[in-house]
1. For region B:80-110, which trypsin sites (Lys or Arg not before Pro) pass both filters: DSSP loop (anything but H, G, I, E, B) and at most 10 other C-beta atoms within 10 Å?
2. Determine the relative contact order of chain B: mean sequence separation of Cα pairs under 8 Å and six or more apart, normalised by residue count, in whole percent.
3. For region A:147-241, compute Rh as the Kirkwood radius over C-alpha pairs and then the Stokes-Einstein diffusion coefficient at 4 °C and 1.567 mPa s; write the answer in µm²/s, rounded to an integer.
4. Taking the Cα centre of the protein assembly as shown as origin, sum charge times position over the Cβ atoms of Lys and Arg (+1) and Asp and Glu (-1), and report the length of that vector in debye to the nearest 20.
5. If you take the beta carbon distance between A:Y355 and A:T6 as r and set R0 to 60 Å, what does 1/(1 + (r/R0)^6) give as a FRET efficiency, to the nearest 0.05?
6. Please compute the Cα-Cα pair-distance distribution of the protein assembly as shown with 10 Å bins starting at 0, giving whole percents from short to long.
7. Evaluate the relative contact order of region A:185-341 (contact order divided by residue number), counting alpha-carbon pairs under 8 angstrom at least 6 apart; express in whole percent.
8. Taking the Cα centre of chain B as origin, work out the dipole magnitude from +1 charges on Lys and Arg Cβ and -1 charges on Asp and Glu Cβ, in debye rounded to 20.
Amino acid sequence: MSGHSTYEPSIGLTRWLDARLPIIRLLHDAGVSYPVPRNLNYMWTFGGILSMMLAVQIITGIVLAMHYTPEASMAFSSVEHIMRDVNYGWMLRYLHANGASMFFIAVYTHMFRGLYYGSYKAPREVLWILGVIIFLLMMATGFMGYVLPWGQMSFWGATVITNLFSAIPVVGSAVTNWLWGGYSVDNPTLNRFFSLHYLLPFMIAAVVILHIWALHVVGQNNPSGVEVKDFDKDTVPFTPYATVKDGFAIVVFLIFFSWFAFYVPNYLGHPDNYIPANPLVTPAHIVPEWYYLPFYAILRAIPSKLGGVIAMFSAIIVLAFLPWLDTSKVKAATFRPIYRMFFWVFVLVSLGLGYIGSQAPTDGTTLVGRLFTIYYFAHFLVVLPLLGLFEKTKPLPASIADAVLAKNAATGRA
Amino acid sequence: MGVGAVAWPLISQMSPDASTLALASSEVDISGVAEGQIVTIKWRGKPVFIRHRTKKEIEEAVAADNASMPDPQADADRVKKGKDQWLVLVGVCTHLGCVPLGNQGEYEGWFCPCHGSVYDTSGRIRKGPAPKNLEVPDYVFETDTKVKIG
């Protein structure tokens, strides 16, 4: 994107290495001299935050795995052993469990940023789709991770979600028994979930590398939605500008993370998961962790079992088609006044779906859940395609530099 | 062909193993189950309800109008001949897999607290989101007081 590399190794050793494996050049080109739009706001710091969270989850996870036992009769006790006996085990466990929630808070913010600023539009379609793949892998990883402590919610959440596969016509039961390794969620299931939960984060890391590569080819979007035209005027080098901004945002995020991990570590969890799994007793309300609630609401909204499964997966897959569903050529909602309204309604509907997912399914909550589900799909399949054709957008700034100068003039800065 | 030969063991290893298959059958002594009582035993990792039905429960189950049910089935097809006081069912709601509560719900059969499915005294779905009746597993009466399930 930026043209040729500006890295010039000065010491003999670095010249020697550069001729054999130009890894320092790669890091320099990607993280030091790499040009970023000069008008990026803090909504652009979540990529860095997410990379840090992936590293935090992998490191705490590997260390926890040194003390955890993935066997049905021992898993729950091994987690209590970690909490009580292992040095700083309580901290590692709470960091990992709350880290998962933080990971999802960051990814949802990151995705909603993309929705608002049109970051999924050409030429960033592949970048966006890679992101959807990362999101799916994160959901699979989180689901399996939650099963591992083998509490009541672990067991029954696993039972409900793996039972969904029995909705597949013809092969459903056979596929479900194959997944379980038996006739119900039991020890074989727990063991394989541990294996896959350890594996998937490394798949996530691989797709993240592709995601960053795709990003670096086309360059970041920016709050004006106007592409970089003049590198000298429109961009600044990643280091020190983005490095320091990302660093600051990470510190603030870590404060937020620490608040949960150290002061209210069980707030985002479910107390029933401190009861050991019992296949013969179903808890009164089976609910997944908060980050799955909107999709759980969509699943329950459809009266048919297979229909619910299709709707739930479609709710995520529809995101992959977003670059083609949104017909507007204007990227940022800043210049799309009608879209901006629909965006915030969508945010409210998503939060509403999350709330419905947390409640017991009464006639009232089911009706509201259905209305919200219809709106969710209508936003992608009806509103976005039509809006691009009819919306009158505001005039765009001529360039990023112009947008920055206009903003500075308005606020009286030099 | 070679690819299949490599892939098959990797796929097959996930299917139920020998130790799981060995637990595939359970023998249960039902002599202690009084009339009107439901016991729950564990079979293949799942709860199985064994209900010793009262005359009233049997009559209600037989008299019910099958045609209007979501999953129509006659009571006689869900019990063994001459032993219709014994109802053996897999205690897993056919909706999303919760364990229904016995002697509850409008028909005094079972009620699933997760999403409100109502089953009758033959374990048939009458109301709520569950699509099918409670499953009747393969079972035989080895004697009048011993049942082998699976």
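What follows draws every value from the coordinates through simple rules; no lab data is involved. Quick caveat, the model's predicted, so the values are computed rather than measured. Counting neighbours? That spans all protein chains shown, and the Cβs are built from the backbone with ideal geometry, glycine included.
1. On the way: sites: B:K80, B:K81, B:K83; in loops: B:K80, B:K81, B:K83.
When the trypsin sites (Lys or Arg not before Pro) of region B:80-110 are filtered for loop state and at most 10 Cβ neighbours within 10 Å, B:K81 remain.
2. On the way: 262 pairs, mean separation 32.3, N = 150.
Relative CO of chain B lands at 22 percent.
3. On the way: Rh = 17.5 Å.
Result for D is 74 µm²/s.
4. Details: 41 positive and 38 negative charges, 295 e Å.
With Lys and Arg at +1 and Asp and Glu at -1, about 1420 debye.
5. On the way: r = 51 Å, r/R0 = 0.85.
About 0.75, to the nearest 0.05.
6. All Cα pairs considered, the percentages come to 3, 14, 22, 22, 17, 11, 6, 3, 1, 0.
7. Numbers: 39 pairs, mean separation 35.9, N = 157.
Relative contact order, region A:185-341: 23 percent.
8. Numbers: 17 positive and 19 negative charges, 46 e Å.
With only Lys, Arg, Asp and Glu charged at Cβ, the dipole is about 220 debye.
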